[in-house]
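Read-outs throughout are calculated quantities, based only on the coordinates presented, and are distinct from any laboratory measurement. Just so we're clear, the structure is a prediction, and the values are computed from it rather than from any experiment. Here the Cβ positions follow ideal geometry from the backbone for every residue, glycine too, while neighbour counts run over all protein chains shown.
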Amino acid sequence: MKTILASVAFSVVAVAQSSAPVKLAPEDRGDLYMVRKMYREAIDAYRSAGPSSAVLWNKIGIAYHQLGELEAARKSYQRAVKLDKKFADAINNEGTVFYAQKKYRTAVVRYKKALSISPSSAAFWSNLGTAYYARGNFEEMAKAYTRALELNPEIFEARGSIGTRVQERNVEDKARYHYELARLYANAGKNELALQYLRKALEEGFKQREKLQGKEFAALRETQEFKDLMSLEPRVL
C-alpha cells in the first residue's frame, strides 16, 4: 500500500477547480502546485514566501517527500519542529521519513512523540502500528491499529488527498499485513471488510491458514463467503 497524505486539505483546492483568474499569494500558489502535483514549483513558491513559519517548512518537506528526496524532506520537517516544538504533523512526517529509510525504531519514537502532542490523531496511531508491524511486533501493532480504528472507522480505507499529515501504508509482507487488518476488522465486527482483507491476504500468498481458526473469525466461519475463501487454491509464490 502506498504512502498517502491525509487529514488537513490544502486551502486552494476550490481555487484549483475554478476557471476564474485569481492572483494568489506565494503560499497559496504553492498549495495549488501541490494539488497539481507540480512539487518543484511548489517548493519554489513556498520559498518565495519567505518560509519563516513551521507550516511552510512542513509543506516544503511534504513536497520533497513526494519527489522521493527523503533527506531534504527530513531536514525541512526538522526546521518546522525547530520553529514549533509542538508541531505534531511535522514530527509525524519526520517519522515517515525514518520509516521509508527502514529505521523503524526511530520512526516509532517520532510517532510516539507526535501522539504525546496529538493523541487523537488516527493517522498517527496508524503510522505507529505500521512501524510496529515492520519490526514484527504484531501485538503492539494491533493495539495501535485498534486505537486508530476507534478514532476513525475509515482510517484504513481512506485514499487520502493532499494534506499536511503523512500517513504511511507501504509494507513489505502484504499478505501478513492484510491478514492482520482482516483480524482487526473481524474483532471490530466489520465482517465485510474482514472478508475483503482475508481475500487479499490469501491471494497474496498467506499460508498460515490455521490462524483463520482463531476466535476472532468465529462468526465469519459460518458464512458462505468465508467457506468460499477457504476453497481457494493457495497461491504459489
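Sorted from greatest to least, the principal axis extents spanned by the alpha carbons of segment 94-206 come out as 34, 28, 26 Å.
Label-to-label distance, Leu151 versus Asn191, with points set 7 angstrom from Cα along the beta-carbon direction: 3.0 nm.
Multiplying the residue separation of Ser53 and Lys174 by 0.36 nm and subtracting their alpha-carbon distance yields 39.7 nm. Distant-in-sequence amide contacts of Gly205, defined by a placed amide H-H separation under 5 Å and a gap of 5 or more residues or a different chain, comprise Arg235.
If you stretched the chain out fully between Gln78 and Glu222, how much longer would it get, using 0.36 nm times the residue separation minus the C-alpha to C-alpha distance? Let's see the in-between values first.
Values: separation 144, 0.36 × 144 = 51.84 nm, distance 5.14 nm.
So the extension gain works out to 46.7 nm.
Checking the Cα-Cα distances for Lys207/Lys227; Lys143/Lys211; Lys37/Lys143; Lys112/Lys215; Lys23/Lys113; Lys59/Lys200 against a 28 Å cut-off, the pairs over it are Lys37/Lys143; Lys112/Lys215; Lys23/Lys113; Lys59/Lys200.
Counting other beta carbons within 10 Å of each Cβ, put Met230, Met38, Met141 in order, fewest first. Fewest to most other Cβ atoms nearby, the residues stand as Met230, Met38, Met141.
The length gained by stretching the chain between Glu139 and Lys37 to full extension, at 0.36 nm per residue less their Cα-Cα distance, is 33.0 nm. Here segment 107-232 is treated with +1 on each Lys and Arg Cβ and -1 on each Asp and Glu Cβ, and its dipole about the Cα centre works out to around 360 debye.
Based on the convex hull around the alpha carbon atoms, segment 174-230 presents an average projected area of 3.1 nm².
Can you list, bin by bin at 5 Å, the percent of alpha carbon pairs in segment 24-76, starting at 0? Percent of pairs per bin, in order: 5, 27, 34, 25, 8, 1.
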